[in-house]
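Working notes for the structure below.
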Amino acid sequence: MRIAELSRRSGVAVPTIKFYLREGILPPGERTSPNQARYDDSHVRRLRLVRAMIELGGLSVAAVHDILATVDSPTDDLDKLMGTVSKGLTQAPEEVDEAALDEVVALIEDMGWTCTRDHPAARSLAMVYTAAREIDHPQLIAGMRRYAEACEVIARTDLDYVANFTGIDRVLEGVVVGTVLGDSALAALRKLAQTAESHRRYGPDDPVE
């Protein structure tokens, strides 16, 4: 297909596709003339993946480039690749309170998780601890283990989803899509569950709109 058809099928504007080609986010098509190239379904799938990461995940083009470089790298170490992609999808703060980070590490160890204090998600969680104390809501921290236990169930569901794919590129693509879309889904489900739980505790019998 030509670039105009690629744009129509992927929902990405032609100038944006050309930008992605220049940045190496989208692999080049098959050259048919000095100014023409042919693209296939793999380009459509890659553009949809990029859209998910940028529009839903809020990632920068540079972050997307690094993640896709990992997805495209030839290796059989699936655990390492999945970890790299997961870290790339986490916007970590540069500076955190070390005491709060110590608390996060203690939770990680208590849960038996194999993550280090340098993991971007650990640093992000430390920021949550700090913010919760600054606004006088330490109860949020007190309930963090319950959140962690719920997330173990979510993590197993995530990996079960990824197990449906074959081939490293499709598996890691599934990690990216599952994490980005999964985060949006979890945020929505949490609000729905909060509404339902509030209604069960305090509301009348009519459904909440």
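Which numbered condition in (1) over 22 Å from Asp158 (Cα atoms); (2) of a type outside the set (Lys, Arg); (3) modelled with pLDDT under 80; (4) part of a helix (DSSP H, G or I) is the only one that Ala62 fails?
(3)
For the list (1) of a type outside the set (A, V, I, L, M); (2) in a loop (DSSP other than H, G, I, E, B); (3) closer than 30 Å to Leu140 by Cβ, I need the number of the one condition that Ser73 fails.
Going through the list (1) of a type outside the set (A, V, I, L, M); (2) in a loop (DSSP other than H, G, I, E, B); (3) closer than 30 Å to Leu140 by Cβ, Ser73 breaks only (3).
Restricting to the stretch 81-98, and then to whatever is touching a helix residue (DSSP H, G or I) at 6+ places or on another chain (Cβ under 9 Å) and assigned to a helix (DSSP H, G or I), can you tell me which residue is nearest to Tyr129 (Cα to Cα)?
The selected residue is Glu98.
Given Leu192, Leu172, which one is touching a Leu at 6+ places or on another chain (Cβ under 8 Å) and either under 19 Å from Met53 (Cα atoms) or not polar (S, T, N, Q) (or both)?
Of Leu192, Leu172, the one residue that is touching a Leu at 6+ places or on another chain (Cβ under 8 Å) and either under 19 Å from Met53 (Cα atoms) or not polar (S, T, N, Q) (or both) is Leu172.
Looking at Thr179, Thr157 in this structure, which one is modelled with pLDDT under 90, out of contact with any Cys (no Cβ under 7 Å at 6 or more places or on another chain) and β-branched (Val, Ile, Thr)?
Every option except Thr179 fails the conditions.
Residue-by-condition table, conditions (1) loosely packed, with under 15 Cβ neighbours inside 10 Å; (2) of a type in the set (Val, Ile, Thr); (3) touching a residue at least 12 places away in the same chain (Cβ under 8 Å):
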site: Arg46; (1), (2), (3): no, no, yes
site: Ile67; (1), (2), (3): no, yes, yes
site: Asp77; (1), (2), (3): yes, no, no
site: Met82; (1), (2), (3): no, no, yes
site: Val85; (1), (2), (3): no, yes, yes
site: Val104; (1), (2), (3): no, yes, yes
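Checking Trp113 against (1) at pLDDT 95 or above; (2) part of a helix (DSSP H, G or I); (3) over 17 Å from the mean Cα position of the chain (by Cα); (4) surrounded by 11 or more Cβ atoms within 10 Å (Cβ to Cβ), which single condition isn't satisfied?
(2)
Any residue that is in contact (Cβ under 8 Å) with a residue 12 or more places away in the chain, aliphatic (A, V, I, L, M) and either touching a Phe, Trp or Tyr at 6+ places or on another chain (Cβ under 6 Å) or under 30 Å from Thr130 (Cβ atoms) (or both) - is there at least one of those in the stretch 11-19?
So far as the stretch 11-19 goes, no, none of its residues is in contact (Cβ under 8 Å) with a residue 12 or more places away in the chain, aliphatic (A, V, I, L, M) and either touching a Phe, Trp or Tyr at 6+ places or on another chain (Cβ under 6 Å) or under 30 Å from Thr130 (Cβ atoms) (or both).
Looking at the structure I just gave you, is Ala188 of a type in the set (Gly, Ala, Ser), modelled with pLDDT of 90 or more and either over 17 Å from Leu47 (Cα atoms) or over 14 Å from the mean Cα position of the chain (by Cα) (or both)?
Here the answer is yes, as Ala188 does meet what is asked.
Does the stretch 140-149 include one or more residues that are farther than 26 Å from Gly178 by Cβ, touching a residue at least 12 places away in the same chain (Cβ under 8 Å) and surrounded by fewer than 15 Cβ atoms within 10 Å (Cβ to Cβ)?
Yes, the stretch 140-149 has at least one match.
Residue by residue through the stretch 14-34, note down the ones that are of a type in the set (Gly, Ala, Ser) and either touching a Pro at 6+ places or on another chain (Cβ under 8 Å) or part of a loop (DSSP other than H, G, I, E, B) (or both).
Gly24, Gly29
The values are calculated or read from the model by the stated rules, or taken from the named source; none is laboratory data. Predicted model, so just to flag it, every value in this text is computed and none were measured. In this analysis, Cβ positions are derived from the backbone assuming ideal geometry, glycine residues included, and neighbour counts consider all displayed protein chains.
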